[in-house]
Each structure stands twice: as C-alpha cells, then as structure tokens.
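The values are calculated or read from the model by the stated rules, or taken from the named source; none is laboratory data. Owing to the predicted nature of the structure, the values given are computational and were not obtained by experimental measurement. Neighbour counts are summed over all protein chains in view; Cβ atoms, including those assigned to glycine, are modelled from backbone coordinates with ideal geometry. Just so you know, the surface numbers come from the protein's heavy atoms only, side chains and all, with ligands and any DNA or RNA stripped out. Shrake-Rupley method; radii C 1.70, N 1.55, O 1.52, S 1.80 Å.
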Amino acid sequence: PISGVSLSAQPPSGQVALGDSLVMNCTVAAGTGPVSFSWHREGLATPLGTDPHLELSMAGDNDSGHYQCRASDGDSVAVSPTLNVTVL
C-alpha cells in the first residue's frame, strides 16, 4: 500500500503574492507499481490536476484555500497533509 504521502511547496510557507506563482509537489515514501496523483482544493469537486506537481501561475484571490494531494497505486489511496495557501 501507499504510505508517506507528503506535500511541499515553493515558496514553502504556502504564501504567495498576487500574480506570482506557487508550485506544490507531492511525493510518496512507499508504494508499489505505478502511482497516480490527483490534486484537490477544499470545496471543489473537480480535481485540479493529475501530475505529481501543481503550479498556480499568476495566483489570484480565488486561489487561496486548503490543498491536498491524493496518491493511488490502484489498490490503495493515501492523502497528503493539507497545505493552506494564502494569496497576499
């Protein structure tokens, strides 16, 4: 099963100036087979992306919120801790 899903961001604080970009990366410590990713923001039903990284380019006021990455190997799903993104 998948374990150790972590989320990192650049800038690391999750705070980004209006119009700047924020990049989030999802990593898995352990898992077997091909791993698929999906990005989610609190309150949105549709995934934001399916790559191991998600970039918010030209961050706007509506990009603030709680983000999570989900990793799946087909048999199990693990969720990263939440990153609180704030657009300043």
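At the residue level, Val23 shows approximately 40 square angstrom of accessible surface with a 1.4 angstrom probe and all protein chains present. Spin-label model, Asp61/Val77: points 7 Å from Cα along the beta carbon direction are separated by 3.3 nm. Placing a pseudo-label 7 Å from each Cα along the Cα-to-Cβ vector at Ser36 and Val23 gives an inter-label distance of 2.5 nm.
Ligands, DNA and RNA left out, the 1.4 Å accessible surface of the chain is 52% carbon and sulfur atoms. With the charge dipole of segment 3-87 set up from +1 on Lys and Arg Cβ and -1 on Asp and Glu Cβ about the Cα centre, the Cα lying farthest toward the positive end among the listed residues Val85, Met24, Ser3 is that of Ser3. The mean accessible area for residues of the chain, using a 1.4 Å probe and ignoring ligands and nucleic acids, is 56 Å² per residue. Ranked by the mean number of other Cβ atoms within 10 Å of their residues, highest first, the peptides 74-80, 41-47 come out as 74-80, 41-47. Every pair of different Cα atoms in the chain enters the Kirkwood calculation, which places the hydrodynamic radius at 13.1 Å.
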